Amino acid sequence: MKERACKECNRLTKLDLCVVCKAPTSPNWIGYVSIIDPERSEVSKRLNISAKGKYALRVR
């Protein structure tokens, strides 16, 4: 099964609903970033990500 991206928080999942914010997910997304340590990551600060995981860069 292909990964899907949450339309609210951009977290990647294989489910139809996001496990974090319970929003619907979309199969149409572009690029991703893996956040390992959100407290020290400059990328997570710029993208306003506070939890570790995989996130889509753009969700349609």
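Residue-by-condition table, conditions (1) surrounded by 14 or more Cβ atoms within 10 Å (Cβ to Cβ); (2) of a type in the set (V, I, T):
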residue	(1), (2)
C21	no, no
V33	yes, yes
S44	yes, no
I49	yes, yes
Y55	yes, no
V59	yes, yes
Cβ-Cβ under 9 Å, sequence separation 6+ or interchain: first residue in the range 5-26 and on the phi > 0 side of the Ramachandran plot, partner in a loop (DSSP other than H, G, I, E, B). Which pairs? N10/L47; N10/I49; K22/E8
Look at V33 and say whether it is in contact with a Ser or Thr (Cβ under 8 Å, 6 or more places away or on another chain) and at pLDDT 95 or above. no
For the range 44-53, does any single residue satisfy the condition of being in contact with a strand residue (DSSP E or B) (Cβ under 8 Å, 6 or more places away or on another chain) and part of a strand (DSSP E or B)? yes
Restricting the range 22-60 to residues that are touching a Gly at 6+ places or on another chain (Cβ under 8 Å) and of a type in the set (A, V, I, L, M), the residue that is nearest to A5 (Cα to Cα): A56
Residues of the range 11-21 being in a loop (DSSP other than H, G, I, E, B) and under 16 Å from M1 (Cα atoms), which ones? K14, L15, D16, C18
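The values are calculated or read from the model by the stated rules, or taken from the named source; none is laboratory data. Everything numeric here is computed off the predicted structure, so don't read it as measured data. Heads up, the Cβs are rebuilt from the backbone with ideal geometry, glycines too, and the neighbour counts pull from every protein chain shown.
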